[in-house]
2 protein chains.
Amino acid sequence: MIDHPDVIRPVDHARWQPDKMGKTTLFESPRILVGLNAFEPGQVHALHAHAGMDKVYQVVEGEGVFLLEGRELPMRAGDLLVAPEGVAHGVRNPGPGRLLVLAILAPAP
Amino acid sequence: MIDHPDVIRPVDHARWQPDKMGKTTLFESPRILVGLNAFEPGQVHALHAHAGMDKVYQVVEGEGVFLLEGRELPMRAGDLLVAPEGVAHGVRNPGPGRLLVLAILAPAP
């Protein structure tokens, strides 16, 4: 969590974990959570949904497969995807590279 | 405004205007507004603040100067900046290239 407003280079804050997706919180308020999800090759964030909360994904680096309402959407750096509240979504990194994703939730969980 | 959840390539949705910053809404709900601000060289978004609303900026392409609490912060593609509620912020494109910025507001205005 970064306390003072300043320029954030997301890639510098990624947390990579060997056993599961790594999470970082870049900013959090009652209104919004700005975080990073870091996927080593083969790691996944299983399909799930949030009631009353929208999620915006953006690929920071790498390539991945985003799951949305039963569809599989390939995404690459710069691509953005919105999972509106109640819509099941997930992420999978088929590899071979790392996948870093900006994940913004509104309101914060 | 995009009605159906799908992969969004932000650069494809930029609206450039010769007279002032161009705006696009990519997604909007009561909880969040995901939009684009497109700055031709020399265009600005004057310093302003939002009560009870956080803003997340991310540079999609180009380079610009972000104003935050009286500071001037140079930013380039990929950089992220949060203007928490009540904190005055703005953007200036000194040129010579175009500047495209993702602007996320929570909750939506």
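The values are calculated or read from the model by the stated rules, or taken from the named source; none is laboratory data. Remember, it's a predicted structure, so these values are computed and weren't measured experimentally. Neighbour counts are summed over all protein chains in view; Cβ atoms, including those assigned to glycine, are modelled from backbone coordinates with ideal geometry. For the accessible areas, the whole protein counts, side chains as well, though only heavy atoms, and no ligand, DNA or RNA atoms are used. Shrake-Rupley method; radii C 1.70, N 1.55, O 1.52, S 1.80 Å.
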Worksheet item: Which residue of chain B is nearest the rotation axis onto chain A, counting by its Cβ, and what is the distance in whole Å?
Response: B:106, 2
Response to the item:
Inter-copy distances for residue A:44, label 7 Å out on the Cα-Cβ vector, sorted ascending, nm, one decimal, are 5.2
Worksheet entry | Label spacing, shortest first and in nm, from residue A:25 to its equivalents in the remaining copies (7 angstrom along Cα→Cβ) | 3.0
Worksheet item: In nm, one decimal, shortest first: how far is the label point of residue B:65 (7 Å from Cα along Cα to beta carbon) from the matching points in the other copies?
Response: 4.7
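Would you please give the FRET efficiency between residue A:29 and residue A:72, computed as 1/(1 + (r/R0)^6) with r the Cβ-Cβ distance and R0 = 30 Å, to the nearest 0.05? Mind dumping the intermediate values first?
Details: r = 33 Å, r/R0 = 1.09.
In this case the efficiency is close to 0.35.
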Practice prompt. Bin all alpha-carbon pair distances of chain A at 10 Å intervals from 0 and give each bin's fraction as a whole percent.
Written response: 16, 49, 31, 4
Worksheet item: Just how far, in whole angstrom, is segment B:51-105 from segment A:17-84 if you go by their alpha carbon centroids?
Response: 23 Å
Worksheet entry | For segment A:3-109: relative contact order, % (alpha-carbon pairs under 8 angstrom, 6 or more apart) | 33 percent
Worksheet item: Considering chain B as a Gaussian network with a 10 Å cut-off on Cα pairs, which listed residue, B:11, B:59, B:44, attains the greatest mean-square fluctuation?
Response: B:11
Fill in: Computed over the protein assembly as shown, Kirkwood Rh from alpha-carbon pairs, angstrom
17.4 Å
Worksheet item: In the full protein assembly as shown, how much of residue B:28 is accessible to a 1.4 Å probe, in Å² to the nearest 10?
Response: 80 Å²
